[in-house]
Amino acid sequence: MTIDRRTLGLVLAAWCILYGAAALGTGPDERFETDACGIPPADVPLVAPWKTITVDAEYGGQWVVVGDVDGDGEVEIVSARNCNEVDDHYTSSVVVQKLDGSILWRWGDPQIGRRELHHDVACQIHDLDHNGTNEVIVAGDRQLVVLDGRSGKPEVVFPIEQYASDCIVFADLSGQGWPGEILVKTRYGKIWAYAADGRLLWTVQEPGGYPTSHQPFPVDLDGDGRDEILAGYAALNSDGSIRWVLEVEKGHKNGGHADCWRVVRVAQRPEDTRLVMTMCGGEALVMTDGLGQLVWRVSGCHYESVDVGEIRDDIPGLELVVDIDHLPAPPMPLCLFSEKGREVGRINTDYTRHHALVDWNGDGLQEIGSAEPRGLFDGYGRRVCSFAVGEGERPMLFDAVDLTGCGMRDVMLTTVGQDTYKVYLYRNEIVGSARRDRPAGTGLNYTLY
């Protein structure tokens with residue numbers, strides 16, 4: 001049975017009181033392990049969706065980003081298909097839907113491409129020209145297209161090379177105070193940086209002698225107002241030159257490629273900056289400083305995607321949540337690490353590649369959300385709530401989303417049914433009512449990694 005969101009706040013408060021004693025007995029040096037496989041238990045709150053949108057079957061796909069594209073103050077659902085032939089994958093069609101499911105506009109050719117999801121699709125929402133209204137930007141077949149958010153009509157179109165459509169990332173390379181430059185890339189080999197009008201700024205092939213990561217990660221490492229780019233095992237300056245190359249083990253070439261990078265903190269001194277990354281093929285979770293020097297490494301598993309946040313207030317620093325992929329069978333663990341690299345606990349699931357952090361209770365601590373268990377867990381591995389979906393539907397993607405202007409504290413869950421894809425939105429009304437001019441949706445540079 002489902003309960004309304006206001007009642008949920010009272011239930012969660014009682015839940016914390018009832019089970020708080022268990023947390024008191026779990027010190028910061030003790031490790032937990034939670035079994036979250038199978039059907040979610042019936043004795044935890046079940047959250048009903050605020051909105052349910054069936055994705056357009058003709059133009060839409062499993063890739064979903066959310067944002068206000070028509071300037072009316074309410075988010076829209078943007079989904080896309082992509083073509084995939086020998087790692088040449090480009091966005092082939094896009095549909096934008098209102099929260100009532102109606103179609104605002106469509107773009108592309110729905111006769112090509114696939115609905116299924118295997119990797120990032122080069123379709124993002126961003127106010128590229130900084131005029132107060134978002135555009136939808138896609139990397140199509142050998143062209144980058146900036147689509148007007150209100151109408152879907154192309155505003156800017158410029159050529160890109162074949163295979164340069166693996167993903168799209170926006171960065172501030174010029175120091176203008178806004179991410180107005182565009183990065184595109186091949187799957188593992190090459191990155192191009194463009195100005196918003198299509199001028200090529202620079203390109204780099206296998207930065208530092210290594211494959212690229214799945215998504216170039218912009219971060220201002222030196223405080224000069226220009227983004228550096230974490231691009232595989234190398235960091236690039238804003239002009240594309242090599243800043244440093246990570247050497248995980250002295251005298252040995254790094255294995256595989258970087259799956260993802262995340263920022264733990266950026267400090268005034270680069271040696272005090274903390275970055276975390278995962279190594280596909282190198283089988284490691286790694287922390288570095290802002291100079292590319294190794295701080296610590298945890299080896300032995302195929303760690304994939306990382307979330308960083310304040311999850312436990314009894315452990316110094318921030319915490320890291322990372323999934324372990326490429327296992328032959330469940331359980332698929334979602335691991336919680338301290339900032340020092342100590343594994344604090346595991347949430348074992350049937351599948352947990354897609355996860356995010358959400359401050360659902362409004363207490364300043366992040367809960368851990370995962371798609372297949374379709375629930376939130378606290379920093380001790382206890383299930384806080386489950387999210388209701390339709391019968392027979394398999395959850396695919398879980399993400400934090402901003403629906404009301406209060407920050408990334410709402411939840412998006414996408415599902416796959418027999419013939420339909422759906423987007424479920426769960427609005428969090430417990431955490432406050434402060435609003436901005438328009439909701440942020442899924443945010444800048446959305447990625448599966």
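Is there any pair with a first residue in the range 219-243 that is under 15 Å from residue 273 (Cα atoms) and a second that is open to solvent by 10 Å² or more (accessible area, probe 1.4 Å) and basic (Lys, Arg) whose Cβ atoms are under 8 Å apart and which are 6 or more apart or on different chains, and what are they?
Every condition considered, the pairs that remain are 220/226; 221/243; 228/243; 235/243.
Suppose we keep only residues that are assigned to a loop (DSSP other than H, G, I, E, B) and without any contact (Cβ under 8 Å) to a residue 24 or more places away in the chain within the range 187-202. Which one would you say is nearest to the chain's Cα centre (by Cα)?
If we take residues in the range 187-202 being assigned to a loop (DSSP other than H, G, I, E, B) and without any contact (Cβ under 8 Å) to a residue 24 or more places away in the chain, then 189 is nearest to the chain's Cα centre (by Cα).
Report yes if residue 226 is assigned to a loop (DSSP other than H, G, I, E, B), basic (Lys, Arg), modelled with pLDDT of 95 or more and open to solvent by 10 Å² or more (accessible area, probe 1.4 Å), otherwise no.
When the stated conditions are applied, residue 226 passes them.
For residue 368, state whether it is touching an Asp or Glu at 6+ places or on another chain (Cβ under 8 Å), open to solvent by less than 10 Å² (accessible area, probe 1.4 Å), assigned to a loop (DSSP other than H, G, I, E, B) and not small (Gly, Ala, Ser).
Taking the combined requirement at face value, the residue does not satisfy it.
Just checking, does the range 91-105 include any residue being within 14 Å of residue 166 (Cα to Cα) and either touching a helix residue (DSSP H, G or I) at 6+ places or on another chain (Cβ under 8 Å) or in a strand (DSSP E or B) (or both)?
Yes: the range 91-105 contains one or more residues that are within 14 Å of residue 166 (Cα to Cα) and either touching a helix residue (DSSP H, G or I) at 6+ places or on another chain (Cβ under 8 Å) or in a strand (DSSP E or B) (or both).
Going by the structure shown, is residue 374 under 20 Å from residue 41 (Cα atoms) and surrounded by fewer than 21 Cβ atoms within 10 Å (Cβ to Cβ)?
Spelling it out, it is not the case that residue 374 is under 20 Å from residue 41 (Cα atoms) and surrounded by fewer than 21 Cβ atoms within 10 Å (Cβ to Cβ).
Let's see how each residue does on (1) open to solvent by less than 30 Å² (accessible area, probe 1.4 Å); (2) over 27 Å from residue 169 (Cα atoms):
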| position | (1), (2) |
| --- | --- |
| 347 | yes, yes |
| 358 | yes, no |
| 362 | no, yes |
| 384 | yes, yes |
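To keep it simple, each residue is scored yes or no on (1) touching a Lys or Arg at 6+ places or on another chain (Cβ under 6 Å); (2) surrounded by fewer than 20 Cβ atoms within 10 Å (Cβ to Cβ); (3) in a loop (DSSP other than H, G, I, E, B).
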| position | (1), (2), (3) |
| --- | --- |
| 204 | no, no, no |
| 235 | yes, no, no |
| 240 | no, yes, yes |
| 259 | no, no, no |
| 277 | no, no, no |
| 286 | yes, no, no |
| 296 | no, yes, no |
| 301 | no, yes, yes |
| 304 | no, no, no |
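The values are calculated or read from the model by the stated rules, or taken from the named source; none is laboratory data. Here the structure is a predicted model, which is why all the values come from computation and not from measurement. We place every Cβ from the backbone using ideal geometry, glycine too, and count neighbours over all the protein chains shown. Ligands, DNA and RNA are stripped out before the accessible areas are found, and what is left, the full protein with its side chains, is counted by its heavy atoms. Shrake-Rupley method; radii C 1.70, N 1.55, O 1.52, S 1.80 Å.
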